[in-house]
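**Q** Dropping a structure here in structure tokens format, bear with me for questions.
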Amino acid sequence: MSLCLIAGAKATAIAATAFTLSWTHSVERTSWREDWRVTPQGLVLEEARVQGSGAGMEPPEGAVLADGWWVYRPALPPLPALVLAASGATAGGWRLCAGGECRTLGSASGAPITLRPCVDEQSANMPAN
């Protein structure tokens, strides 16, 4: 399995079965991090961390404060895809780290960015649904 990153008409396959997605909340300026796993069933959210709390972003029940981060394990089913807005109006966009490399996504206004499992080599070259 690999991760397909689709931005506009461009698709890229990333050779990784796990990735971390991080960003800064646009209003509260609070850091968020999520650890995801790529599976044949979809993208599985393994763990989420938020550095602080604020309006509409309270840590869920069961979250544990560790080294300044509220850490928890969301109980979500696998997702077929994640769609990330690319407004250009947030503090730096999204940061995707996978396979030992990190890249910034959506820091400039543009088409949404879709992350999904690559089913096979051909799917890396197909547009998002």
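Each reported figure results from applying straightforward, stated rules to the coordinates on display, with no laboratory input. Predicted model, so just to flag it, every value in this text is computed and none were measured. Cβ placement follows ideal geometry from the backbone for every residue including glycine, while neighbour counts extend to all protein chains displayed.
**Q** So for the range 2-114, averaging the separation of alpha carbon pairs under 8 Å that are six or more residues apart and normalising by length, what relative contact order in percent results? Please report the intermediate quantities before stating the final value.
**A** Numbers: 256 pairs, mean separation 30.1, N = 113.
Rounded, it is 27 percent for the range 2-114.
**Q** Now for a different question. Got a sec? How would Arg116, Arg95 order by Cβ neighbour count within 10 Å, fewest to most? Walk me through the numbers on the way to the answer.
**A** Numbers: Arg116 21, Arg95 18.
Least to most surrounded, the residues fall as Arg95, Arg116.
**Q** Another question about this same structure. Counting other C-beta atoms within 10 Å, which of Val64, Val83, Val38, Val71 has the fewest, and how do the rest follow? Write down the numbers at each step before the final one.
**A** On the way: Val64 10, Val83 13, Val38 23, Val71 16.
In increasing order of surrounding Cβ atoms, one gets Val64, Val83, Val71, Val38.
**Q** Pulled fully out, how much extra length does the chain show between Glu101 and Ala9, if you take 0.36 nm times their separation in residues and subtract their Cα-Cα distance?
**A** Result for the pair: 30.9 nm of gain on full extension.
**Q** Further, regarding this structure: Over all directions, average the projected area of the Cα convex hull of the range 2-114 and note it in nm². Could you put the intermediate results ahead of the total?
**A** Details: hull surface 29.4 nm².
Computed as one quarter of the Cα hull surface, the answer is 7.3 nm².
**Q** Going by amide H atoms built from the backbone, whose H comes under 5 Å of the H on Gly52, apart from near neighbours?
**A** Here the answer is Trp70, since their amide H atoms fall under 5 Å of that of Gly52.
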